[in-house]
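Please treat every number below as a calculation from the coordinates, not as lab data. A quick note: this is a predicted structure, and the numbers were derived from the prediction, not measured.
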Amino acid sequence: MPPAGGAAAAAPIAVVVGAEYEGVSESAAERVDVRVRIPMSDAMEGSLDSLNVNVAAAIVLERVFAANRA
């Protein structure tokens, strides 16, 4: 799964964000074209299991908008 940093996409797009610990449902995962991950720094390892779903969505959306502006 590629990191979210290169998440450029042609419009229209939909961003599917799953629950904080379980991720997206299997049925939703089967319908997406691309899956990305948000890499966690080594400093966070052991202190965080996952990002809050709102934070994760904000990171991905910012990356998509930034890539599409370029």
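Listed values for region 15-32 are Karplus-derived 3J(HN,Hα) couplings in whole Hz (6.51 cos²θ - 1.76 cosθ + 1.60, θ = phi - 60°), namely 10, 9, 10, x, 4, 4, 9, 8, x, 7, 5, 4, 5, 6, 4, 5, 9, 7, and x replaces Gly and Pro. Here the extension length gained between Ile59 and Ser27 equals 9.2 nm, from 0.36 nm per residue of separation less the Cα-Cα distance.
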